[in-house]
Amino acid sequence: MVTKVIIVDDEEGARESISNILEQYFPEVQVIAKADNIEAAHRKIISYSPDLVLLDVEMPYGSGFDLLNRFEKVDFDIIFITAYDHYALKAIKYSALDYLLKPVDIDELRAAIKKHQEKPQEELPNRENIQTLMDNLKSEPNGRKIGLPDGGGLIFVNIGDIVRCESEGNYTNIFLNTGKKILVAKTMGEYEDMFKAENFFRVHRSHLINVNHLEKFVKGSSANYVLLSDGSKADVSRRKKSEFIEYLATH
């Protein structure tokens, strides 16, 4: 089955480079249009109905985010193509959307295309993904949301409502301040990386806590642990104890 793609990037060299890579290495992908600004991209997406849009984030006269905001219904998949921007990348990750960094690596593009091709229709971006992305770009940390895959789609929750994360092999249990627990098919390491700037700390290989929900830190001769706002308890490893104390003193 052919995957119809539109490339949106204000740099001609970037558009042609991506197009050439797709033509050379991806016979199942057809580039049906290219655009160098959001006005042209908006018209071409409506006219050509692509399966996938490779979308530059920063462009003159409007960003890739502004383009998506024009659509009431997003019925195509999106892979953002961007130079490294930590803040924008975090907003994209939280919104459960995909991205590639410039210059585009062939293996990373191959993995992204494969992921798109294997994605069920119900997992394509919807208005909630896009709205979450827009909100996250302008929100204070505790007001940001994250999309958590629960097996049947995505559950969007406020990051500030997450009390702790607990590792379960290649899965992670997310505990909310409402008492709800969500099991997601991602490792703890992925959430540790995403939440670095959100006042989360990994106190143990099995526990990542939201320090905003910390009620008490108990230091003992044989064991250390924290008590959290939902009444739960999480061990603090000996290896992490000094680092955690230093973190609390500086935050």
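The values are calculated or read from the model by the stated rules, or taken from the named source; none is laboratory data. As the structure is a prediction and not an experimental result, all values here were calculated from the model. Note that we place each Cβ from the backbone using ideal geometry, even for glycine, and neighbour counts take in every protein chain shown.
One residue is enough: does segment 57-76 have a residue meeting the conditions under 30 Å from residue 162 (Cα atoms) and in contact with a Gly (Cβ under 8 Å, 6 or more places away or on another chain)?
Yes: segment 57-76 contains one or more residues that are under 30 Å from residue 162 (Cα atoms) and in contact with a Gly (Cβ under 8 Å, 6 or more places away or on another chain).
Spot the failing condition for residue 27; the list is (1) surrounded by fewer than 19 Cβ atoms within 10 Å (Cβ to Cβ); (2) more than 15 Å from residue 63 (Cβ to Cβ); (3) touching a Lys or Arg at 6+ places or on another chain (Cβ under 9 Å), and only one is missed.
Failing condition for residue 27: (3).
Suppose the filter is charged (D, E, K, R), assigned to a helix (DSSP H, G or I) and surrounded by fewer than 20 Cβ atoms within 10 Å (Cβ to Cβ); does residue 66 pass it?
yes
Given the options 45, 32, 7, 78, name the one that is in a helix (DSSP H, G or I) and either modelled with pLDDT of 90 or more or under 28 Å from residue 156 (Cβ atoms) (or both). So that I can check it myself, show each step before the final result.
Working: 32 fails: in a helix (DSSP H, G or I); 7 fails: in a helix (DSSP H, G or I); 78 fails: in a helix (DSSP H, G or I).
It is 45.
For segment 101-118, state whether one or more residues are more than 22 Å from residue 2 (Cβ to Cβ) and at pLDDT below 75.
No; the residues of segment 101-118 include none that is more than 22 Å from residue 2 (Cβ to Cβ) and at pLDDT below 75.
Please find, within segment 218-236, the residue that is surrounded by the most Cβ atoms within 10 Å (Cβ to Cβ) out of those that are without any contact (Cβ under 8 Å) to a residue 24 or more places away in the chain, outside any loop (DSSP other than H, G, I, E, B) and not basic (Lys, Arg).
226
How many of the residues in segment 3-21 are touching a residue at least 24 places away in the same chain (Cβ under 8 Å), within 14 Å of residue 53 (Cβ to Cβ) and not β-branched (Val, Ile, Thr)?
The first filter runs over segment 3-21 and keeps only residues touching a residue at least 24 places away in the same chain (Cβ under 8 Å), leaving 3-12, 14, 17-18, 21.
Remaining after also requiring within 14 Å of residue 53 (Cβ to Cβ): 3-9, 18.
If we keep only those that are not β-branched (Val, Ile, Thr) too, we end up with 4, 9.
Residues in segment 3-21 being touching a residue at least 24 places away in the same chain (Cβ under 8 Å), within 14 Å of residue 53 (Cβ to Cβ) and not β-branched (Val, Ile, Thr): 2 in total.
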